[in-house]
Amino acid sequence: MAWLWSSWQEYLDYVHPVAVNSRGHFNAAVRRSTFEAESQLADAVRQLSGSMQSLAELGFTGKDDNVPPNDASILQRARRLVIELIYAGEELLLYHERLARSMASYGFLHQHDILEHWDRYGDGVFREIDQLITDASELLAGYHEIKEADEQFLVYTLNLKLPPDLESDFRLARNLFSVGFDDVGVLIAGRGLEGVLRKIAQVRRILIEIKGRAEPASDADFADLIEAMYRVRWKAAGSRLITTETRALLHYLRALRNGHAHPATPGKRASTAPREMATVTAGIANQLWNDVSSTRARFVETTIRKTW
């Protein structure tokens, strides 16, 4: 759900929260649906921005060329706004572990304990508030950077040129990655590559001959589809439609999918980072489709006898 932490202890050990530090609050977050979690995350962003704006109106901008105020009469109000800002920032990090572990959160995680040392700072507290604004600005910028990168992931960064029905799985994979479901995202990207392979087999009328009977490869078991398409060769160049590496990747993705399909048998986790795996998968799908759809070049044979 979103980029929520896997355990209360892990969140405590990494964030060291001073405001959002209730186990009950954490457990409530875990129980929320993804839709609710995303709403909470968006609220935290709005509250963080609002608190920063209110402190800016008091003169705390976090900018190097601006001297923070030194007026004791605004300190009480500034303290209330600092409490609101820290709460919002920690709420954001509660729902976005990936952001918390990025460099964008580094300053905030070293400055959000300002309240614990408030009285000890004396007049220096004005500079500390200003530093908190600087760190909160970096945190917010990091959030928007991740948000934009997630929107571009797979579909736009690879400039996918697939028909809408073949692109849909990669969009779904992109969406799953954007809310932290990396393992599922890899499987859906693999399903997208499988869909492209089946479509190519259908369009090019690839058949599998089993005991003298020819059947469409597009309807075959995934393992048979992989092996059949591996044996398809371009007539002019003699090269394979899919490489040995692509064949291995497809079988690996099939094994991952089968592992996750059986609750009694724990699914295998990808040894490669999920995002890298999905990127490679989508790239292969895109290249295969473009290679086949952009040419009328023929294959050596379109009926593959099952010998595997």
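Descriptive notes on the structure:
- Top-ranked residue of region 71-105 - restricted to ones that are of a type in the set (Ser, Thr, Tyr) and surrounded by 14 or more Cβ atoms within 10 Å (Cβ to Cβ), ranked as farthest from residue 42 (Cα to Cα): 102
- Criterion (modelled with pLDDT of 95 or more and within 20 Å of residue 172 (Cβ to Cβ)) met by exactly one of 198, 275, 257: 198
- Where helices (runs of 4 or more DSSP H) sit wholly within region 2-74, those with at least 3 residues that are among the polar types (S, T, N, Q) occupy 34-57.
- In region 22-64, the qualifying residues are those that are of a type in the set (S, T, N, Q) and in contact with a helix residue (DSSP H, G or I) (Cβ under 8 Å, 6 or more places away or on another chain), and the one that is farthest from residue 142 (Cα to Cα) is 27.
- Of the criteria (1) touching a Gly at 6+ places or on another chain (Cβ under 9 Å); (2) at pLDDT 95 or above, which one residue 158 fails: (2)
- Test: residue in region 202-215 that is surrounded by 20 or more Cβ atoms within 10 Å (Cβ to Cβ), modelled with pLDDT of 95 or more and in a loop (DSSP other than H, G, I, E, B): yes
- Among the candidates 141, 37, the residue that is closer than 22 Å to residue 6 by Cα and either surrounded by fewer than 16 Cβ atoms within 10 Å (Cβ to Cβ) or not assigned by TED's automatic domain parsing to the domain that holds residue 180 (or both) is uniquely 37.
- Considering region 121-163, and only residues there that are aromatic (Phe, Trp, Tyr) and assigned to a helix (DSSP H, G or I), the residue that is farthest from residue 188 (Cα to Cα) turns out to be 121.
- Any hit, region 170-179, residues being over 18 Å from the mean Cα position of the chain (by Cα), surrounded by 14 or more Cβ atoms within 10 Å (Cβ to Cβ) and either of a type in the set (Val, Ile, Thr) or over 20 Å from residue 294 (Cα atoms) (or both): no
- If you go through region 104-136 and keep only what is of a type outside the set (Asp, Glu), out of contact with any Phe, Trp or Tyr (no Cβ under 7 Å at 6 or more places or on another chain) and over 20 Å from residue 92 (Cβ atoms), you end up with 117, 118, 120, 121, 122, 124, 126, 127.
- Residue 155 farther than 22 Å from residue 11 by Cβ and not assigned by TED's automatic domain parsing to the domain that holds residue 35: yes
The values are calculated or read from the model by the stated rules, or taken from the named source; none is laboratory data. What you see is a predicted model, and the numbers here were worked out from it, not measured in a lab. Glycine also receives a Cβ, built like all others from the backbone with ideal geometry; neighbour counts cover every protein chain displayed.
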